[in-house]
Amino acid sequence: MKLSPGLDRLAGTPGDYRNRAVKSSGWVSISVGVSKILDVVQTVALATILTPEDFGQAAIAILVVAGAEVFSETGIEAVLVQKSDLDRKTLDTAWVLLLVRGLVACALILAIANTVAGFFQNQASAAMI
């Protein structure tokens, strides 16, 4: 059976798949663990450097930006990583789409900054957002 050009390198025995899956899940677990540890270190560093008021404002801004990132995720990056035969047109299109996504997210964040600051009853955080 002839496989399509990117799939022939994936062909192997079921044991190979199992071993690859176990190794991959181990690397993913390590990556997630290290990321969470760095998040805690970052939070502790900010808490020690900033005053409680400034830390609260930073937390509000981080919450808004992280929320915008999650809700505007397109999956383009995953496609670029998985696809083996990328041409210049595909890369240019992905770049433009990601740029537009970033600009739209930025505009939405700026548009809701005062509303979010009002929700948290902290108008000073609007400037940080």
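All of the numbers you see were taken from the coordinates with simple rules; none came from a lab. Since the structure is predicted, the reported quantities are computational estimates derived from the model, not experimental observations. A quick note on method: Cβ atoms are made from the backbone with ideal geometry, for glycine too, and the neighbour counts reach across all protein chains shown.
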message: What does the C-alpha gyration tensor say about the overall shape of the chain? Classify as rounded when a/c is under 1.5, otherwise prolate if a/b is larger than b/c, or oblate.
response: oblate
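Just need the relative contact order of the chain here, percent rounded to a whole number, with Cα pairs under 8 Å and 6+ apart. Show your work: numbers first, answer last.
On the way: 39 pairs, mean separation 36.5, N = 129.
Relative contact order of the chain: 28 percent.
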message: Between residue 32 and residue 100, what is 0.36 nm times their sequence separation minus the Cα-Cα distance? Round to one decimal in nm.
response: 21.6 nm
For the chain, calculated [θ]222 nm from helices alone, where every DSSP H run of n ≥ 4 adds -39500 (n - 2.57): -26500 deg cm²/dmol
task: Going by C-beta contacts inside 10 Å, put 112, 49 in order with the fewest on the left.
output: 49, 112
